[in-house]
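Step one of this worksheet: look at the structure below.
The values are calculated or read from the model by the stated rules, or taken from the named source; none is laboratory data. Predicted model, so just to flag it, every value in this text is computed and none were measured. For neighbour counting, all protein chains shown are included, and Cβ atoms are generated from backbone atoms with ideal geometry for every residue, glycine included. Protein only, heavy atoms only, side chains kept; ligands, DNA and RNA dropped before computing areas. Shrake-Rupley method; radii C 1.70, N 1.55, O 1.52, S 1.80 Å.
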Amino acid sequence: MDSEIDMHTPHILPVTPPVSPPKHAPAPPRPAAPGKPGAKPAEEGSNLRILTYLQLHWLKIVFCGLFLGSGGAYAAWELLASKYESTALLQVVSVPIALGNQNNPNQARTDFVTYLKTISALIKSDFVLNAALRDLKDSPTIKAQKDPIKYLEEELIVTWQDGSEVIRVTFKSHEPADAKKIVDAVQKAFMSEVIQKEVQEKQEFVKKVEDQTLKMRKILDQSVDGGEKTNGKGSNTAPAPGGTGAGATPAGGVSPDGVAAPMPAIPLPPIAPGTAVAQGGPAAPVAQAAPGGAVAPPAAGPPGSQITLPPPGMDLGRINPQILISKVAGLLAQIEKLPLAMNDEKRRLTLLKQKMDAIQNAPVAPGTLDAVDRDIDVVSQSLKTIRARREYEFRESTSTSPNAPGILELKRTYEAHELKLTQLRKEKAELFEREKRVAEANKVGLEMEEVIRRLQRLQEEYETDKELHKRAEQQLAAIPFPLGRGFGPDSHYDPDISKLEGTDGIYRRLVQQFYLTQMELSSSARVRLLQPASNPAQKDTKKQIIGTVFAGLMGFGLMALGVIAFETCAKRVSSLGDVKGASNVPVVGVIPCQPGEATGKDPMKRAAANEAIDKLRAYVTQTWLARGATTVAVTSPIGDEGKAFTAFGLASSLAQSGYKTLIVDFDLRDPQLHAFAGVANLNGVCELLRAETDPRSALQFLPNGLHLLPAGKWSDEARKAITGEKLEALLTKLKGPYDCVVLHSHALLTAAESVEVVRRCEVVLVSVHYRETTSPLLKRAAERITAMEIPYSGVVYIGATEQEALC
């Protein structure tokens, strides 16, 4: 197969000049069927363009993405490195445990959430963290921080779950030993700086209570001694109820004449040093007993509450005077408030009356007047009034006597109609407004009725409370107070008795507070250590692995996105579909390999290129040359897009098929045809334009029967002469003896002389090179060809795939 192909002379192989070039060389035998060209990235439509870009640059994506992905994976592995986590647990009891049960359990539960938040804030407070740093001087993690306090505040995590009594203190670090050490130090600092200090404060409080109790006891002892001396002088005192003899008083009580009885010694237990940890909250307030052990009176009820007085005839000695006093105070407060409430209701009633008057006296709304004007009766009466007024004015203006009986009669008729219209409008307006005002008045009337009912009820309550207050005062005055003290008619006030009773009450409360605080210190702690810092465990390794893999893949993704973005912006031709979509110029030739491959050593690609050029030649001859066209210009949007390869291959194929063909290199600035032909670039087009030679001397004859006119040496004189009549005369002279003249022109969008050459040709072929030509430039070149109104034009696509070459 290879020997058979080598026997033939391809169209585009370099040739050497012959000794005596034949004028019409016979066409050589056609090459055998072309072999299968090398596979290229396939594309099936514009929707697969992105896949095509990735196939074209897969090696670049893999190579560069490997570096980016490695760097990203390393950075992600370091930044997302899983830390070692250590956790300590603290238990906070929701209801403080107290031996004396002095606290309110419901109140404690209500304040539990607040207490949890307070404990959490204290764990991360500055003074606790400062205390913890004393034990963390040698920690590498702490040494590496510029501001250790701020670092611990940000990294230390204190959490709890709703409904749980457990607080979790967590810290994460790359160093496992530091994680456990930091949690232990913070926990220890919290227990010593917060909990233990609270215990010490309560112990100091107990000491102060003990001191005050001793002082008050001395005062009472002095009062008792003074009372005994007074009694010894023969003062008359009545025995207290329940006493054992004359002048006897209950233990710890006060005699009727103001002398305190000896009180039994109350043993005060010593404060043991190192008492157990106190509870987290302050002690609940102790209920204060009234002087003499009486129960404190309850607070007055709300205004308006009914107070039941004892029925007449009941033994008033059994009534607690404090309760009756509180009832009298409540009734008095109600009597003071009720007039204010009644005044408010009266003012509201006055406002409602004013609102009712405003509704009744409100002017007619503009909308109602418009509705009245549209009423059929009003319209009819208005027409009658207008006719009467016009007739009256007309007769008055035409009559010589304005006071004639007929004129006066018309005037009375007009005035009667006008009066009737006014009355009718007023009646209609009242009718339309009546329903709306009645609805508003009904709402105001309902409010007025409600206000009147409330006012009557308040008045009745006021009268009733006044009567009840009067009766209560009478009953209170009739109560026989014991011991000659109280509010009876014969009662009197003794300052010494009052002072002694107050001192005795304070002493009782101090003793009670002492024992309650002691019991609170002896109770179980509200905040206790449940678990020290756990052994550090590495967690979240899955997140680190996923992040590292994602960062590695992101490197390839970024490179792929960069390639797609570059190709999208560049819009290079990558398929036959891109060529067809970029312009309306038809595709007349598709060459399935690169220009370098067509002249290379691979016989398969050489054969495929020759076959594609022959197909282009067949299209040109059958479509255009058969219709009389003789001049074919081959150009491209810009340079290096295969136009020289296309021009030389087409001209060679035409010469081998029997056409007397001349190929002219009009790319005067960058001539290339002499290299394809294997000849020197001596005299050519530039010399002909400068009139330095004649066409016969400049022509060169190739072995395949093709005649070549090189470009020659470029100069400014040639650039000036390539326009106008000189170019027209040169082309006319060159076309004379030939069947077809192929012109290799300069790039259409980069040189002015290319337009001069192309517009004087019947056929223009635009060479488009795979991955070299861009769609915008191809479109611009096609628009310029269309604007020049060239009879025939087409596109030759170089570098297509095997499937695309079958079109």
Surrounded by fewer than 16 Cβ atoms within 10 Å (Cβ to Cβ) and in contact (Cβ under 8 Å) with a residue 40 or more places away in the chain: is that true of ASP716 in this structure? no
Pairs, first open to solvent by 80 Å² or more (accessible area, probe 1.4 Å) in the range 768-795, second part of a strand (DSSP E or B) and at pLDDT below 90, C-beta under 8 Å, six or more apart: GLU772/ARG572
Working only within the range 682-708, note down all residues that are free of Cβ contacts under 8 Å to residues at least 40 places away in the same chain, of a type outside the set (D, E, K, R) and over 27 Å from SER657 (Cβ atoms). LEU682, ASN683, CYS686, ALA691, THR693, SER697
Can you name the residue in the range 703-733 that is touching a strand residue (DSSP E or B) at 6+ places or on another chain (Cβ under 8 Å) and of a type in the set (A, V, I, L, M, F, W, C) and, of all such residues, is nearest to VAL755 (Cα to Cα)? LEU731
Consider the range 719-744. How many of its residues are touching a helix residue (DSSP H, G or I) at 6+ places or on another chain (Cβ under 9 Å), basic (Lys, Arg) and touching a residue at least 40 places away in the same chain (Cβ under 8 Å)? 1
All-but-one check, LYS124 against (1) open to solvent by 50 Å² or more (accessible area, probe 1.4 Å); (2) in contact with an Asp or Glu (Cβ under 8 Å, 6 or more places away or on another chain); (3) modelled with pLDDT under 70, failing number (3)
Condition test on ALA711, is it open to solvent by 40 Å² or more (accessible area, probe 1.4 Å), among the small types (Gly, Ala, Ser) and without any contact (Cβ under 8 Å) to a residue 60 or more places away in the chain? no
Only unsatisfied item for ARG760, checking (1) assigned to a loop (DSSP other than H, G, I, E, B); (2) closer than 21 Å to ALA655 by Cβ, is (2)
Taking the condition outside any helix (DSSP H, G or I), among the basic types (Lys, Arg) and over 11 Å from ALA88 (Cβ atoms), does LYS172 pass? yes
Flag for ARG617 being open to solvent by 50 Å² or more (accessible area, probe 1.4 Å) and within 22 Å of SER793 (Cα to Cα): no
Among the residues of the range 95-114, what is the count of those that are modelled with pLDDT of 80 or more and either of a type in the set (Ser, Thr, Tyr) or open to solvent by 30 Å² or more (accessible area, probe 1.4 Å) (or both)? 2
Answer yes if at least one residue in the range 374-384 is of a type in the set (Val, Ile, Thr), open to solvent by less than 50 Å² (accessible area, probe 1.4 Å), within 60 Å of the chain's Cα centre (by Cα) and under 30 Å from GLU435 (Cβ atoms), and no otherwise. no
With criteria (1) of a type in the set (Gly, Ala, Ser); (2) open to solvent by 50 Å² or more (accessible area, probe 1.4 Å); (3) part of a helix (DSSP H, G or I), ALA388 comes up short on (2)
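What is the residue count in the range 531-564 for residues that are out of contact with any Gly (no Cβ under 6 Å at 6 or more places or on another chain) and open to solvent by 50 Å² or more (accessible area, probe 1.4 Å)?
The qualifying residues number 16.
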Return the residues of the range 580-614 that are under 26 Å from GLU783 (Cβ atoms) and not in a loop (DSSP other than H, G, I, E, B); say none if nothing qualifies. LYS580, GLY581, ALA582, VAL587, VAL588, GLY589, VAL590, ILE591
Quick check: is even one residue across the range 475-485 modelled with pLDDT under 75, at positive phi, open to solvent by less than 40 Å² (accessible area, probe 1.4 Å) and in a loop (DSSP other than H, G, I, E, B)? no
Taking the criterion of being over 17 Å from SER86 (Cβ atoms), touching a residue at least 12 places away in the same chain (Cβ under 8 Å) and touching a strand residue (DSSP E or B) at 6+ places or on another chain (Cβ under 9 Å), would at least one residue in the range 165-185 satisfy it? yes
When the residues of the range 683-704 are filtered to those that are open to solvent by 10 Å² or more (accessible area, probe 1.4 Å), farther than 17 Å from PRO671 by Cα and not charged (D, E, K, R), which remaining residue is nearest to the chain's Cα centre (by Cα)? ASN704
So LYS117 passes all but one of these: (1) open to solvent by 80 Å² or more (accessible area, probe 1.4 Å); (2) part of a loop (DSSP other than H, G, I, E, B); (3) farther than 22 Å from SER534 by Cα. Which condition number does it fail? (2)
Top-ranked residue of the range 632-666 - restricted to ones that are more than 23 Å from VAL590 (Cβ to Cβ) and open to solvent by less than 10 Å² (accessible area, probe 1.4 Å), ranked as farthest from the chain's Cα centre (by Cα): LEU662
Across the range 416-439, what is the number of residues that are hydrophobic (A, V, I, L, M, F, W, C) and out of contact with any helix residue (DSSP H, G or I) (no Cβ under 7 Å at 6 or more places or on another chain)? 5
Which is modelled with pLDDT under 80 and hydrophobic (A, V, I, L, M, F, W, C), of ALA179, ALA246, ALA189? ALA246
